[in-house]
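The values are calculated or read from the model by the stated rules, or taken from the named source; none is laboratory data. Predicted model, so just to flag it, every value in this text is computed and none were measured. Cβ atoms come from the backbone with ideal geometry, glycine included; neighbour counts cover every protein chain shown. Each accessible area value is taken on the protein alone, full model and side chains, heavy atoms only, with ligands, DNA and RNA left out. Shrake-Rupley method; radii C 1.70, N 1.55, O 1.52, S 1.80 Å.
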Amino acid sequence: QVQLVESGGGSVQAGGSLRLSCAASARTYNNNPMGWFRQTPGKERQFVAITWTGDYTDYGDSVKGRFTISRDNAKNTIYLQMNSLKPEDTAVYYCAARPVGNMWRSPNYSYWGQGTQVTVSS
């Protein structure tokens with residue numbers, strides 16, 4: 001069974017930091033690309049960051065230099081360290097796994113976590 005469980009969201013002032021976690025089942029985590037997306041009301045899910053085999057990573061332009069994705073293979077968990085947060089980072093953040101095709105596009109993911117709210121106030 002595919003399971004993704006996010007945690008770590010919350011409210012913070014601009015300039016602050018938060019760390020999101022996404023714990024996956026072993027089958028979901030093993031050698032699979034995993035990513036973070038975010039969504040605001042009325043908009044499509046936006047690519048935030050991704051990590052895949054070989055510890056490769058990539059980031060959306062709006063978060064480069066501020067966010068860091070990492071993975072702990074012993075815990076089947078990925079993280080998103082978010083620094084220098086801005087009000088425009090406010091969104092529901094989702095963890096996703098096992099894309100088919102283009103890893104940067106949310107429609108190509110079938111497995112999603114429940115989402116965690118991040119609110120950044122000015």
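Assorted remarks:
- Of all residues making up region 67-122, the number that are of a type in the set (Lys, Arg) and over 19 Å from ARG45 (Cα atoms): 2
- Selection within region 2-11 - out of contact with any Cys (no Cβ under 9 Å at 6 or more places or on another chain), open to solvent by 30 Å² or more (accessible area, probe 1.4 Å) and in a strand (DSSP E or B): SER11
- You will find that of VAL48, VAL92, VAL5, VAL63, the residue that is modelled with pLDDT under 95 and β-branched (Val, Ile, Thr) is VAL5 and no other.
- Region 38-51 residues that are under 16 Å from GLU88 (Cβ atoms) and open to solvent by 20 Å² or more (accessible area, probe 1.4 Å), paired with ones that are among the hydroxyl-bearing types (Ser, Thr, Tyr) and at pLDDT 95 or above (beta carbon under 7 Å, 6 or more apart): GLN39/TYR94; ARG45/TYR94
- Checked against (1) under 14 Å from GLN3 (Cα atoms); (2) surrounded by 13 or more Cβ atoms within 10 Å (Cβ to Cβ); (3) touching a residue at least 40 places away in the same chain (Cβ under 8 Å), ARG27 passes all but condition (3).
Yes or no, residue by residue, for (1) within 12 Å of LEU18 (Cβ to Cβ); (2) modelled with pLDDT of 95 or more; (3) not in a strand (DSSP E or B):
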| residue | (1), (2), (3) |
| --- | --- |
| ASP58 | no, yes, no |
| ARG71 | no, no, no |
| ALA96 | no, yes, no |
| GLN117 | yes, yes, no |
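- Of residues in region 70-111 being within 20 Å of SER11 (Cα to Cα) and of a type in the set (A, V, I, L, M), the one surrounded by the fewest Cβ atoms within 10 Å (Cβ to Cβ): VAL92
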